[in-house]
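Structure first, commentary second.
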Amino acid sequence: MERKSLIKKFDKQANKYNKRRKNDSAYRFRERIFQDVEGKVLEVGIGSGLNFPFYNKDVELTGVDFSGEMMKVAQLAAKEFPFKATFIKEDVESVKFNESIFDTIVSSTTLCAYQNPVIVLNNFQKWCKPGGKILMMEHGISTNKPLSWLQKSLDLGIKICRVPPGQKY
C-alpha cells in the first residue's frame with residue numbers, strides 16, 4: 001500500500017483505535033509483553049496509546065507515529081498517565097536517533113506497515129542501549145484458510161514480513 005494512502009487510512013481510524021483503548025482484545029498479551037518496559041523508552045507506531053497502561057511513572061516515553069490523527073489521540077491519552085511523554089510525528093523508516101539512546105524499544109503490530117522492516121529492525125538494534133530491551137507484539141495471516149481469506153479480503157493491512165537471505169536482522 002502506498003505510504004500516503006496508508007497514513008490516510010490510519011488517520012481515518014484514529015477514533016476507532018481510541019475506543020479500543022478502553023476495550024482492547026489484546027490487553028492480556030500487551031500486559032505480558034510490556035510489563036518490563038523501563039527507563040528511556042521509544043514506542044514506534046504509538047497509535048492511540050494502547051500500551052500506556054503498562055508503563056510505570058518512571059518511564060521517559062518518546063512516541064513516534066506517521067499518522068497525525070493517531071498522534072493527537074495518543075497525546076490526549078498520555079495525560080491520563082504519570083509518565084513523561086514526548087511525541088514525534090514522523091515515519092519510523094525515516095526518523096533519526098543517536099545510537100544506544102533507549103533502554104527499551106516497544107513495537108506492537110507495526111511491522112506490517114513498513115516498506116522495509118529489516119532496516120527498521122536494524123535501527124532498533126542501533127537505537128537500543130547495550131543490555132536494553134526490544135519488546136515486540138506482532139500479528140500475521142492466520143493459518144486457518146477461511147480466516148486468512150477473510151483477513152485478506154477485509155484489507156486489514158496485514159502481511160508477513162520475511163527477512164531476505166543475507167540481511168542483517
**Prompt:** With every protein chain present, what accessible area does Leu50 have (1.4 Å probe, heavy atoms only), rounded to the nearest 10 Å²?
**Reply:** 20 Å²
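Kirkwood Rh over alpha-carbon pairs of the stretch 41-142, then Stokes-Einstein at 20 °C and 1.002 mPa s: what D in µm² s⁻¹, rounded to an integer? Intermediate values should be presented prior to the final figure.
Working: Rh = 13.8 Å.
Reported coefficient: 156 µm²/s.
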**Complete:** Once amide hydrogens are built 1.01 Å from N within the peptide plane, the residues lying 5 or more places from Glu138 or on another chain with amide H under 5 Å from its amide H are Thr109
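The values are calculated or read from the model by the stated rules, or taken from the named source; none is laboratory data. What you see is a predicted model, and the numbers here were worked out from it, not measured in a lab. The accessibility values were calculated without ligands, DNA or RNA, using every heavy atom of the protein model including side chains. Shrake-Rupley method; radii C 1.70, N 1.55, O 1.52, S 1.80 Å.
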